[in-house]
Amino acid sequence: MHVSLADFYPIADGETLDTHCFQRALNHLATRGGGTLSVPPGRYHLGTLTLGSNINLHLEAGATLLASSRVEDYQQQLAQSQAELSQHVLLYAVGQRNISISGKGVIDGNGDAWFAAEKDEQGYRLPRAQRPRIVVFEDCEQVTLQDFTIIQAPMWTVHLVSCRHVHVDHLTINNSMSMPNTDALDIDSCEAVFVSNSYLSAADDAICIKTSQKPAHLRRAARQIMISNCLLRSYSCAFKIGTETFDDVEDVTVSGCTLFDSNRAIGLLSRDGGQFRRLLFSNITLACRHAPPCHWGKADALFVSVRARDPAIAPGSIEQLQFSNVSGVMEGAINLHAEQPGQIRDVMLANVQLRQVVAAGADQGHYDVRPPCNPESPTGMGLDNAYKLDSASGLAYGVAAYPDGLPGVFARGVENLQLHNVVITRPQPLPHGWHAETVQIL
């Protein structure tokens, strides 16, 4: 079945709330077993919508869904999962099958309405509470996101929670680079996921795989995930696994991607007990530069970190890790950083060619292992932990100088590290404060 939203008489002026018209149209399809809801050109002002099985929400070229700036427009249906203490969401589905969003239209998250106009001293625009995520699908199967664009999300943009058989193709997410916590795509405890041919840009992580703390029926490993032919831009981490890792992450391949404008190109951060294994990265180009200090990282091309968040929970190990055919520019270093020896093991870097360059005006020569860091609040989050300053150093807890200066490759506590044809081109003569050796293994 194919119906047009025009048959349900939306106002489409960008100001009057059209949520009721949309939901009536979606419910009409649901009672008839599903179909396509085609959204014609116009500007539609919306709060929460829920999608059912066998439904395709198709946004025609010229159609814009504008997320409401009012908290009360998201309270009729709360997500089971949380992000930044919020359960609010614009487009929501739980326990559904064969659902999709498609078309050449746009979803505008109205992000400016949820953030302070000015940045603080760390480059952080303080957010309002209870910001909505844009798309949240929980415990769904056969999910397709294709061709449409999301801009200016105020929170995590697309959050897929415990879903199976997911296809993301030709998706564009272009968020403001001044709004933290606006991850483009979060793949959370999902299985059999394919992401391809997409442009994902956000101040926070562009793609993040995680296994977050969630209700028991949604807890599972993240596995069998393939990312290919994508452009990823992020002031934080372009591709990240973690930091929320309460369950395992395994069998992930990332290939043929370009990562740019990133404070950290690839980051693998184990914190909460889940094991990482069989992670393969190949044919990657990257460009890393320092971002404002509110963003974790120090222009690291590759960052692998295992450390406890909760003193009562041992972090899971990271093992069977490969980086091959990687080329790019970095202001920082490759940093493999285990809190205890052997927590990172069986790592191979092959055919890696990077140019390490001088950063103007940045605290070059420091590394960043946030989170957790604040000894007074080891399990704290956000401003309480990741941005808490150490009075002794004047830096955020977790930020410190490399011992003996900035190397090209730094490895601490790594077991069975293999380097094959790894070439780091460095300035000559070496700048003051840089390590004399390219590779430092402790």
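Let me confirm something: among GLY242, GLY297, GLY267, which residue is of a type in the set (Gly, Ala, Ser), crowded, with 18+ Cβ neighbours inside 10 Å, modelled with pLDDT under 95 and touching a Phe, Trp or Tyr at 6+ places or on another chain (Cβ under 9 Å)? Steps first, answer last, please.
Numbers: GLY242 fails: modelled with pLDDT under 95; GLY267 fails: modelled with pLDDT under 95.
The unique qualifying residue is GLY297.
Residues in the stretch 215-231 that are touching an Asp or Glu at 6+ places or on another chain (Cβ under 9 Å) and surrounded by 22 or more Cβ atoms within 10 Å (Cβ to Cβ): ALA222, ILE225.
Determine whether the stretch 266-277 contains at least one residue that is more than 23 Å from ASP346 (Cβ to Cβ) and touching a strand residue (DSSP E or B) at 6+ places or on another chain (Cβ under 8 Å). Among the residues of the stretch 266-277, not one is more than 23 Å from ASP346 (Cβ to Cβ) and touching a strand residue (DSSP E or B) at 6+ places or on another chain (Cβ under 8 Å), which makes the answer no.
Counted as qualifying within the stretch 148-193 are the strands (runs of 3 or more DSSP E) with 1 or more residues that are within 30 Å of GLU118 (Cβ to Cβ), namely 149-151, 158-161, 172-174, 185-188. Among the residues of the stretch 56-69, which ones are more than 18 Å from ARG131 (Cα to Cα) and crowded, with 24+ Cβ neighbours inside 10 Å? Within the stretch 56-69, LEU57, LEU59 meet the criteria. Across the stretch 156-210, the qualifying residues are those that are among the β-branched types (Val, Ile, Thr) and under 26 Å from TYR124 (Cα atoms), and the one among them that is farthest from the chain's Cα centre (by Cα) is THR172. Filtering the stretch 79-110 down to residues that are out of contact with any Leu (no Cβ under 6 Å at 6 or more places or on another chain) and β-branched (Val, Ile, Thr), which residue is farthest from PRO154 (Cα to Cα)? The selected residue is VAL94.
How about the stretch 156-174: which of its residues are closer than 11 Å to ASP188 by Cα and of a type outside the set (S, T, N, Q)? Of everything in the stretch 156-174, those that are closer than 11 Å to ASP188 by Cα and of a type outside the set (S, T, N, Q) turn out to be VAL158, HIS159, LEU160, VAL161, CYS163, ARG164.
Quickly run through the stretch 196-211 and pick out the residues that are surrounded by 24 or more Cβ atoms within 10 Å (Cβ to Cβ) and assigned to a strand (DSSP E or B). Let's see the steps before the verdict.
Looking only at the stretch 196-211, we keep the residues that are surrounded by 24 or more Cβ atoms within 10 Å (Cβ to Cβ), and these are 198, 200, 202-211.
Hits for the stretch 196-211 are LEU200, ALA202, ILE207, CYS208, ILE209, LYS210, THR211.
When residues of the stretch 288-306 are filtered for being part of a strand (DSSP E or B) and out of contact with any Asp or Glu (no Cβ under 7 Å at 6 or more places or on another chain), how many remain? Spell out the reasoning first.
Step one: of the stretch 288-306, the residues part of a strand (DSSP E or B) are 288, 300-306.
Remaining after also requiring out of contact with any Asp or Glu (no Cβ under 7 Å at 6 or more places or on another chain): 300-305.
Going through the stretch 288-306 one residue at a time, the tally reaches 6.
So, in the stretch 322-351, how many residues would count as being assigned to a strand (DSSP E or B), farther than 18 Å from VAL252 by Cβ and in contact with a His (Cβ under 8 Å, 6 or more places away or on another chain)? So that I can check it myself, show each step before the final result.
Initial filter on the stretch 322-351 (assigned to a strand (DSSP E or B)): 322-330, 334-338, 344-351.
Then keep just the ones that are farther than 18 Å from VAL252 by Cβ; that gives 327-330, 334-335, 337-338, 351.
Then drop every residue that is not in contact with a His (Cβ under 8 Å, 6 or more places away or on another chain), which leaves 351.
Number of matching residues: 1.
A count restricted to the stretch 356-372 and to residues that are surrounded by fewer than 15 Cβ atoms within 10 Å (Cβ to Cβ) and out of contact with any Pro (no Cβ under 6 Å at 6 or more places or on another chain) stands at 3.
Take GLU121 and decide whether it is among the acidic types (Asp, Glu), surrounded by fewer than 24 Cβ atoms within 10 Å (Cβ to Cβ) and touching a Pro at 6+ places or on another chain (Cβ under 9 Å). I'd like the intermediate steps shown before the answer.
Details: among the acidic types (Asp, Glu): yes; surrounded by fewer than 24 Cβ atoms within 10 Å (Cβ to Cβ): yes; touching a Pro at 6+ places or on another chain (Cβ under 9 Å): yes.
When the stated conditions are applied, GLU121 passes them.
How do the pairs read when you match residues in the stretch 276-290 that are at negative phi and surrounded by fewer than 20 Cβ atoms within 10 Å (Cβ to Cβ) with residues anywhere that are modelled with pLDDT of 95 or more and of a type in the set (S, T, N, Q), using Cβ under 6 Å and keeping only pairs 6 or more apart or on different chains? Filtered contacts from the stretch 276-290: ARG277/GLN320; LEU280/THR253; LEU280/GLN322; SER282/SER255; SER282/SER324; SER282/ASN325; THR285/THR258; THR285/SER327.
The values are calculated or read from the model by the stated rules, or taken from the named source; none is laboratory data. All values reported here derive from a predicted model rather than from experimental measurement. A quick note on method: Cβ atoms are made from the backbone with ideal geometry, for glycine too, and the neighbour counts reach across all protein chains shown.
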